[in-house]
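This report refers to the structure that appears directly beneath it.
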Amino acid sequence: MSHFDLRDGVLHCEDVPLPAIAAAVGTPVFVYSTMAMRTQAQALRTALAGLDDPLIAYAVKANPNIAVLRTLAREGLGADVVSAGEYDRARAAGIAPDRIVFSGVGKTADEMRRALAGGLAQFNLESFAEAEMLSEVALAMGCTAPVAFRVNPDVDAGSHAKISTGAAHNKFGIPIGDTLAACAALRDLPGLELRGVAMHIGSQLTSLAPLEAAIAKLDALIAALRSQGHAIRTADVGGGLGIRYDPALPPPPSPADYGAMVTRLTRGRDVRLIVEPGRLIVGNAGVLLTEVIRIKPGPRCPFVVVDAAMNDLMRPALYDAWHPIGAVAPDGTEMTADIVGPVCESGDVFAEARRIDRVGAGDLMVIGTAGAYAATMAGTYNSRALTPEVLVDGGAWAIVRPRRTSDAFLADERVPPWLAGDREPDRPT
Ligand code: LLP
């Protein structure tokens, strides 16, 4: 069930009419549904209930807002983090250290120290050089770092090239064929304790087949490692399960299908399963609420110029991603239009020649499925404000990140001494 529904002809998020949020906060604004996130978290928990104490480590990068993290922490989710910033957020949200996995291909010594001092479940190591650095850092701190090796299983995730991570040419993990030797060499690094193996083959996967193939490889690897005397206790299969963006396409596998598959492949293996879902939990829990600035005639169809732009939601420009778009108060008629933002780039297009609800200047619209990889990837290009975020829970709502205006950014900037003191240029008379 969607938590964004038309009631009396007006789109609501749970029990809150979106025009009320637009009137109070202005547009553009991201709006998130608590229930939508909770429903997804619970669906995944239920799907994994056949396993002994699995760890659902929510991939913080998908939506790191502290209110989102707290909502998910209350659902019992842990965190997959890839930077000290994400680690700190997870901790600030109240996620227990032993439910935090530290991934990422370029962890620095400072980040290692921060996580070791605060505690964590494991580091997912991406190279042997990283293992050597972590061992030194841990020894200097007088502790031992719990680690898993992230392997690159060399499977084609079948997703967009920019979000596939499990092929041999991708920068992630160590080649699966090198893992036995790497783990043997790990015995010479006294600052580390090998706990498990990890992988993440890509994002927005719409078929379980590549995941299943990669998990089978991981399973064989665990058996081989154990036969060499390594006590493998965790198997982290990453995130990646896709969600529905375009209702005209077949739906991706459900959390239940996914859970059944990973349960079948990992039950009885005497390992703790770790999963790192991001998009699955928050993707469909958010919309980008925007106002039509004006309609401009175009050669094929009109341009609907909205006040959101590529700096707010980069996915269409970056990955040619398709997002649903509709009016907040549709009048039942339709039009074909290019939906574009105000940024000075031809790529600032949310949709081309799209059939949408008829809209005019001043109307509110939503760009859907904007809960994941949206606000967190936003920027201020063209000196635009950083778009605010609102969290809805039933009939209650709150601003969970205020709009940060271009004035605030300007105030942060400094004029160096050699440029100081310029008079304002004379105005032409
Ligand atoms: N674990 C690791 C190590 C990851 O790198 C990622 C995502 C995840 C888990 C979560 O994947 P998910 O369940 O959300 O698919 N900006 C892109 C997506 C980049 C994903 C990066 N890594 C987009 O907007 O589609």
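Restricting attention to the chain, close to 50% of DSSP beta bridges with both partner residues there are antiparallel.
So between K296 and L6, what do we pick up on full extension, going 0.36 nm a residue minus the alpha carbon distance?
Gain on extension, K296 to L6, equals 101.6 nm.
Could you tell me the relative contact order of the range 34-280? Use alpha-carbon pairs under 8 Å, at least six residues apart, and round to a whole percent.
Once divided by the residue count of the range 34-280, the mean separation gives 21 percent.
Hydrodynamic estimate: the Kirkwood radius of the range 366-413 over Cα pairs, inserted into Stokes-Einstein at 10 °C and 1.306 mPa s, corresponds to D of 129 µm²/s. The long axis of helix 255-266 is offset from the longest Cα principal axis of the chain by roughly 10 degrees.
When nucleic acids and ligands are ignored and a 1.4 Å probe is applied, H160 ends up with an accessible area of around 70 Å².
Only protein heavy atoms count here; on that basis, with a 1.4 Å probe, L139 has an accessible area of about 90 Å².
Among 260-267, 334-341, 180-187, the peptide with the highest mean count of other Cβ atoms within 10 Å heads the list, and the full ranking is 334-341, 260-267, 180-187.
The separation of the range 9-26 from the range 296-311, counted between C-alpha centres, amounts to 23 Å. Relative to the longest principal axis of the Cα atoms of the chain, the long axis of helix 109-118 lies at roughly 80 degrees. Applying a DSSP loop filter and a limit of 11 other Cβ atoms within 10 Å to the trypsin sites (Lys or Arg not before Pro) in the range 126-180 leaves K171.
What would the Debye formula give as log10 I(q)/I(0) at q = 0.06, 0.08, 0.12 Å⁻¹ for the alpha-carbon point model of the chain, no solvent? So the normalised log intensities are -0.29, -0.50, -1.00. Counting only protein heavy atoms and using a 1.4 Å probe, the accessible area of C301 comes to about 10 Å².
For the range 318-429, the relative contact order is 20 percent, taking Cα pairs closer than 8 Å that sit 6 or more residues apart in sequence and dividing their mean separation by the residue count.
Normalised by the number of residues in the chain, the average gap of Cα pairs under 8 Å and 6 or more apart makes the relative contact order 19 percent. Evaluating kT/(6 pi eta Rh) at 37 °C and 0.692 mPa s, with the Kirkwood radius of the range 34-280 over Cα pairs in the Stokes-Einstein relation, gives 183 µm² s⁻¹. For a straight C-alpha distance cut-off of 28 angstrom, the lysines reachable from K107 (same-chain residues fewer than eight places away being disregarded) are K61, K162, K171, K217.
Go through D363, D312 and list them by solvent-accessible area, largest first, probe radius 1.4 Å.
Correct descending sequence by accessible area is D363, D312.
If each Cα of the range 56-145 is one equal point scatterer, what is log10 of I(q)/I(0) from the Debye formula at q = 0.11, 0.21, 0.25 Å⁻¹? Debye output, listed in q order: -0.28, -0.91, -1.20. Which percentage, to the nearest 5, of the DSSP beta bridges contained in the range 34-280 is antiparallel? Taking every DSSP beta bridge within the range 34-280, about 5 percent pair in antiparallel fashion.
The values are calculated or read from the model by the stated rules, or taken from the named source; none is laboratory data. Values in this document were obtained by computation on a predicted structure and should not be read as measured data. Here Cβ is always computed from backbone atoms with ideal geometry, including for glycine, and neighbour counts include all displayed protein chains. We work out accessible area using only protein heavy atoms, side chains counted, and drop any ligands, DNA or RNA first. Shrake-Rupley method; radii C 1.70, N 1.55, O 1.52, S 1.80 Å.
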